[in-house]
1. Which lysines have a Cα lying under 25 Å from the Cα of residue A:369, excluding residues fewer than 8 positions away in the same chain?
2. Looking at A:291, A:201, B:95, which one has the Cα that reaches farthest to the positive end of the dipole of the protein assembly as shown (charges on Cβ: Lys, Arg +1; Asp, Glu -1)?
3. If you place +1 on the Cβ of every Lys and Arg, -1 on the Cβ of every Asp and Glu, and leave all else neutral, what size is the dipole of segment A:283-384 about its Cα centre, to the nearest 20 Debye?
4. Using the number of other C-beta atoms within 10 angstrom as an exposure proxy, rank A:7, A:304, A:368 with the fewest first.
5. Kindly count the pairs of lysines across segment A:87-212 whose alpha carbons are less than 18 Å apart, treating pairs on different chains or eight or more residues apart as eligible.
6. Using a cut-off of 14 Å between alpha-carbon atoms, which aspartates and glutamates can reach residue A:69, once sequence neighbours fewer than 8 places away in the same chain are excluded?
7. Add +1 for every Lys or Arg and -1 for every Asp or Glu among the other residues with Cβ under 11 Å from the Cβ of residue A:280, and state the total.
8. Let's test the formula: R0 of 56 Å, r as the Cβ-Cβ distance of residue A:293 and residue B:97. What FRET efficiency results, to the nearest 0.05?
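Computed from the coordinates by the stated procedures, all read-outs in this text should not be read as laboratory data. Since the structure is predicted, the reported quantities are computational estimates derived from the model, not experimental observations. Cβ placement follows ideal geometry from the backbone for every residue including glycine, while neighbour counts extend to all protein chains displayed.
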Amino acid sequence: MASFDTDVNAAYGTAFAVLTKRFQDIQQVEDALQHACIKAMEKQQFETIANVKAWLIKVATHYILDELKKHKPDYVEHLDTISPVDTAYEYDDATLGLIFTCCHPSLSQDNQLALCLKWVMGFDNASIARALLISDKTLEQRITRTKRKIKANNIEFSLPTQSHLNTRIDAVMKVLYLIFNEGYFGNSGQVLVSNTLCKQAIYLMKLICRTYRDNAASHALLALMLFIQARTPARATDKVTLLEHQDRTKWDRAMISEADMLLQKSLKQDRPTSYHIQAAIAGLHSLATTYENTDWQQIVLLYDKLLTYDYSTAIIVNQAVALIQIDRLEQAQTKLDNVAPLLLHYPPYFIAYAHLLEHQGCYGEAIDKLNQAVLLSKSEAEIAFIKDKIQYLKH
Amino acid sequence: MQYLCLIFESEALAAQRDEQANMALIQEYGKFTEEIEATGNHIGGEALMPTETATTVRVRNGETLITDGPFAETKEQLGGYYLIEAATLDDAISIAAKIPSAKDGCVEVRPVMKFE
């Protein structure tokens, strides 16, 4: 039964996408899919369902048509002409349309994220609430409110027209970027969930790149994701493994080459976006044979460039770490001191500062900073890493 | 699908506009209205007198209460509206973005409720 539940969960998102595209009514589709899932469970006791996706779509469609026949007989005649959807292309097309709906710029980014996780990626409310650091009740209220807004404004479950694409695609990319980051760097602490987030974000970005071949930013974002995802085999599952300590022979070289090709191609198309700069930084790490051999000089410059797009204190911290690598310790210290008041609750800031103190030979003070980071961190994987580091400095 | 575009603008800033700037703005609005009439998106629209002319009316326990001024003091004030017909919210947003006051004020887009 367990594997069957997984099948249904995996199929639910696609079925939801296909059915909302067809009927444009969330409530109707949710009711029909609930009915179809119960039917599937009943049937499953006697025989296997070969293609759960197609089966759910078929049963839910019949359910909706039956309902409509009772209430709106004229409408149904028009719907009867719809051909069954069962090709991978049509599934992908519907899924892509659904992401655009979830990420409509008239919805707040928090709500876009919640809808994407729920409808496109098929997570249950409890997991989503945990990832977004809100209560189950708040999440439910948000989803209810957002559904009402979609319905009231007649936001369509389909791809935007070409003339609206530019105003729509940025929000989609930003949400997939956030989902990927949460998966790779996030605090959710559950390895399985994190992996799913990264893989799904990459899958959806590939879909976008295939559909909108001329959009340079999306190719750069996919390159960024692939450069980072390629390091996964070199990470421990129970604690944060810094780049410095990763066994680079375990990196996925094929994935890195793919990312590199995408980035090169995207640089020819358009003026660079912040995704281009971030991908270029990730690329320099991926192409370096060792941590020490990394082109830190270039990375420091790229961080300067990145700050002109998006001034973020987290970027300053990363830049300071790069400066430490090329022994520009004073400059690193000035940068960290400047942002200190804004980052009193940000563990990576204290870890970076400890790194600086270690390079200055002040091990005691470095340990103090790390202890502060332990108190602030909410991630078990991060805490495990910091404690190791403290042990190392004590010897 | 009908949407109401509510146009908000700072009356304080508007008061600082000279005659020439006002004429230019009125012409811009005239051009915009003609455009959406031509495309069939225009249903209606008016500019409003400033909020100092507003009266707010409430009925409580059968008694009519009248207050001088708008219902709320805000940084930007409702100065006019367009009622438009648009196929999708995307289209409505594109039209709202072309309303001249969107450049210094803002436009709130609201779907019109339908009763079946």
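1. Filter leaves A:239, A:335, A:378, A:387, A:389, A:394.
2. Positive-most Cα among the choices belongs to A:291.
3. Charge dipole, segment A:283-384, about its Cα centre: 200 debye, nearest 20.
4. Fewest to most other Cβ atoms nearby, the residues stand as A:304, A:368, A:7.
5. The result is 9.
6. Here the aspartates and glutamates satisfying the reach criterion relative to residue A:69 are A:77, A:80.
7. For residues surrounding residue A:280, the net value is -1.
8. Calculated value: 0.70.
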